[in-house]
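Chemist: Submitted below is the structure of interest, expressed as structure tokens.
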Amino acid sequence: MSWQRYLEKIGSLTSKYFVVWVLIVFPLALYSPETFTPIAPYITPLLGIIMLGMGLTLTPADFRRILERPRDVFIGAMGQWILMPTIAYALVVVLGLPAEIGIGLILVGAAPGGTASNVMTYLGRGDVALSVSITSLTTIAAPVVMPAWIVLLAGESITVTFAEMASSIVQVVLLPVIGGLVLRYVLDEYAPAVAQAGLSIFPAISVVAIVAIVAAVVGLSVETILGASVLVFLAVVLHNGLGLGAGYAVGHAANMAEDRARACAFEVGLQNSGLAVALATAHFSPSAALIPALFSVWHNISGPALATLFTYLDGEEPVGEAEPAIASD
């Protein structure tokens with residue numbers, strides 16, 4: 001087996017069983033939090049590594065698609081920008097969640113799409129190009145959109161400013177994504193074998209990073225998690241489920257083809273919860289990071305489940321291995 005094929009196998013297997021690693025580390029961090037809390041200071045750099053990996057999966061062609069198919073990209077992005085934050089706020093009010101925990105739900109709702117949505121779109125026979133385009137657009141707009149929602153929906157209960165959050169998102173998301181995009185362009189031009197190797201191994205690196213983030217947040221939030229009411233878990237499940245359903249409904253209401261409606265479902269329902277975790281720990285408290293951490297676990301269960309349902313409805317065998325590079329946030 002060549003070294004490149006070996007790297008591809010490592011990346012594929014690590015990504016394929018990502019949810020297993022999360023489910024293993026979650027109880028371990030509850031049982032022995034002191035083992036994982038030293039990771040906490042590195043949450044932001046780890047997220048930057050994940051976003052660099054996302055940038056490596058993108059090419060200029062992905063951004064040209066935004067101009068070539070603006071209607072569907074715009075509808076998908078608007079669905080995510082509007083539906084998930086408002087659903088989050090409604091759940092905070094209806095379920096009566098405590099302020100700090102509620103901020104975590106709003107952070108998840110305001111976050112851009114996660115790269116997991118690209119992989120789940122592929123697994124569910126959706127339009128991957130549309131999914132990547134929406135993820136790219138919402139990620140680029142995150143420094144403006146995300147702080148705006150937080151200030152609007154939780155302005156009276158927070159002390160962090162719009163500028164502080166925007167600056168964090170630029171540093172943690174936008175710069176690494178742009179760096180990855182530039183690096184991919186240079187490597188494709190001058191060292192394509194190295195570029196392919198990077199794309200092969202980065203899934204494993206990203207999975208390790210997000211699992212480490214989840215472990216750190218759980219370790220920091222043991223008392224909060226153990227004392228969390230069933231409403232917290234219900235909020236996570238409802239937020240994710242309503243987002244998936246609303247995204248799918250919006251796609252069909254806009255007369256999109258079935259594969260594009262599926263892409264919208266995953267783009268709206270699967271958020272960059274890793275970014276929400278990083279912002280919660282940087283600007284709020286471990287309690288605020290609780291729901292983003294739980295969301296990171298849950299949406300990597302619900303996403304594959306919905307993808308499997310779609311392929312079942314098509315009467316086809318589920319895709320065995322995902323071609324998009326990262327399914328970690």
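The values are calculated or read from the model by the stated rules, or taken from the named source; none is laboratory data. The shown structure was predicted, so the numbers you read here are calculated from the model rather than taken from an experiment. Positions of Cβ are backbone-derived with ideal geometry, glycine not excepted, and every protein chain shown enters the neighbour counts. Side chains included, ligands, DNA and RNA excluded: accessible areas come from the protein's heavy atoms. Shrake-Rupley method; radii C 1.70, N 1.55, O 1.52, S 1.80 Å.
Chemist: Among the residues of the range 183-204, what is the count of those that are without any contact (Cβ under 8 Å) to a residue 12 or more places away in the chain and open to solvent by 70 Å² or more (accessible area, probe 1.4 Å)?
Modeler: 4
Chemist: Mind counting the residues in the range 213-243 that are assigned to a helix (DSSP H, G or I), open to solvent by 20 Å² or more (accessible area, probe 1.4 Å) and of a type outside the set (Val, Ile, Thr)?
Modeler: Residues that pass the stated criteria total 10.
Chemist: Which of the residues that make up the range 298-329 are modelled with pLDDT of 75 or more and open to solvent by less than 50 Å² (accessible area, probe 1.4 Å)?
Modeler: Listed by number, the residues that qualify are HIS299, SER302, GLY303, PRO304, LEU306, ALA307, PHE310, THR311.
Chemist: Please indicate, with yes or no, whether at least one residue in the range 71-79 is buried (at least 24 other Cβ atoms within 10 Å of the Cβ), modelled with pLDDT of 90 or more and closer than 21 Å to VAL172 by Cα.
Modeler: Yes, there is a match, as at least one residue in the range 71-79 is buried (at least 24 other Cβ atoms within 10 Å of the Cβ), modelled with pLDDT of 90 or more and closer than 21 Å to VAL172 by Cα.
Chemist: Cβ-Cβ below 9 Å, separation at least six or inter-chain, first residue in the range 283-306 and without any contact (Cβ under 8 Å) to a residue 24 or more places away in the chain, second open to solvent by less than 10 Å² (accessible area, probe 1.4 Å) and charged (D, E, K, R): which pairs?
Modeler: Final answer for the pair search is none.
Chemist: Give me a count of the residues in the range 265-285 that are open to solvent by less than 10 Å² (accessible area, probe 1.4 Å) and either of a type in the set (Gly, Ala, Ser) or not in a helix (DSSP H, G or I) (or both).
Modeler: Adding up the residues that qualify gives 10.
Chemist: Could I ask something else about it? Kindly establish whether ALA90 is part of a helix (DSSP H, G or I), modelled with pLDDT of 90 or more and out of contact with any Phe, Trp or Tyr (no Cβ under 7 Å at 6 or more places or on another chain).
Modeler: yes
Chemist: If you don't mind, there's one more thing I want to ask. Would you confirm, using the coordinates I've provided, whether THR44 is touching a Lys or Arg at 6+ places or on another chain (Cβ under 8 Å) and open to solvent by 20 Å² or more (accessible area, probe 1.4 Å)?
Modeler: Spelling it out, it is not the case that THR44 is touching a Lys or Arg at 6+ places or on another chain (Cβ under 8 Å) and open to solvent by 20 Å² or more (accessible area, probe 1.4 Å).
Chemist: Identify all residues within the range 184-207 that are farther than 22 Å from ASN272 by Cα and of a type in the set (A, V, I, L, M); write none if there are none.
Modeler: Hits for the range 184-207 are VAL186, LEU187, ALA191, ALA193, VAL194, ALA195, ALA197.
Chemist: Right, another one. Just to confirm my filter: which helices (runs of 4 or more DSSP H) fall fully inside the range 101-206 and include at least 1 residues that are at pLDDT below 80 and small (Gly, Ala, Ser)?
Modeler: Qualifying helices (runs of 4 or more DSSP H): 116-123, 128-154, 162-169.
Chemist: Now a separate question. Consider ALA288 carefully, then state whether it is open to solvent by less than 20 Å² (accessible area, probe 1.4 Å) and part of a helix (DSSP H, G or I).
Modeler: On the way: open to solvent by less than 20 Å² (accessible area, probe 1.4 Å): yes; part of a helix (DSSP H, G or I): no.
In short, no.
Chemist: Is the range 48-66 home to any residue that is exposed (fewer than 14 other Cβ atoms within 10 Å of the Cβ), out of contact with any strand residue (DSSP E or B) (no Cβ under 7 Å at 6 or more places or on another chain) and within 23 Å of GLY109 (Cα to Cα)?
Modeler: No - not one qualifying residue is present in the range 48-66.
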